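So the structure is just underneath, and the comments pick up after that.
The values are calculated or read from the model by the stated rules, or taken from the named source; none is laboratory data. For clarity, every value in this text was computed on a predicted model and none was experimentally measured. We place every Cβ from the backbone using ideal geometry, glycine too, and count neighbours over all the protein chains shown. Accessible surface areas use protein heavy atoms only, side chains included; no ligands, DNA or RNA. Shrake-Rupley method; radii C 1.70, N 1.55, O 1.52, S 1.80 Å.
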Amino acid sequence: MSKKRDLKKQIIESEKEIIALEQKRQRSQSSLMEAHVNNVAPNASDVEYFKLYTNLIELERENLRQLKRELEKIK
């Protein structure tokens with residue numbers, strides 16, 4: 001039972017982390033979109049932040065999928 005409860009808690013934490021990372025990525029995404037709309041080159045740091053947060057989100061999503069698979073095995 002404890003393992004199941006721990007996995008559920010980790011899943012909730014992972015989902016919250018994904019939301020937080022998506023909000024951070026959205027800031028750089030807004031800057032990139034503004035540059036695109038204004039036909040100017042985007043700031044290099046905004047591009048790097050966008051790539052970084054996108055990679056972190058993908059890693060966290062993979063972690064979330066793994067946690068859910070583990071939980072399904074227990075059920």
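Structure data summary
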item	result
Close pairs from region 29-54: first in contact (Cβ under 8 Å) with a residue 24 or more places away in the chain, partner open to solvent by 80 Å² or more (accessible area, probe 1.4 Å) and of a type in the set (D, E, K, R), Cβ under 6 Å, at least 6 apart	Tyr53/Lys24
Tabulated pairs, region 57-75, first closer than 17 Å to Ser2 by Cα, second among the β-branched types (Val, Ile, Thr), C-beta under 6 angstrom, 6+ apart or interchain	Leu67/Ile11
Failed item, numbered, when Arg27 is tested on (1) touching a helix residue (DSSP H, G or I) at 6+ places or on another chain (Cβ under 9 Å); (2) open to solvent by less than 70 Å² (accessible area, probe 1.4 Å); (3) assigned to a helix (DSSP H, G or I)	(2)
Count of residues meeting criterion [open to solvent by less than 100 Å² (accessible area, probe 1.4 Å) and out of contact with any Leu (no Cβ under 6 Å at 6 or more places or on another chain)] in region 14-24	7
Where a residue in region 1-16 is touching a residue at least 24 places away in the same chain (Cβ under 8 Å) and more than 10 Å from Leu71 (Cα to Cα) and its partner, wherever it lies, is open to solvent by less than 80 Å² (accessible area, probe 1.4 Å) and assigned to a helix (DSSP H, G or I), with Cβ under 7 Å and at least six apart	Gln10/Leu67; Ser14/Glu60; Ser14/Asn63; Ser14/Leu64; Ser14/Leu67; Glu15/Leu64
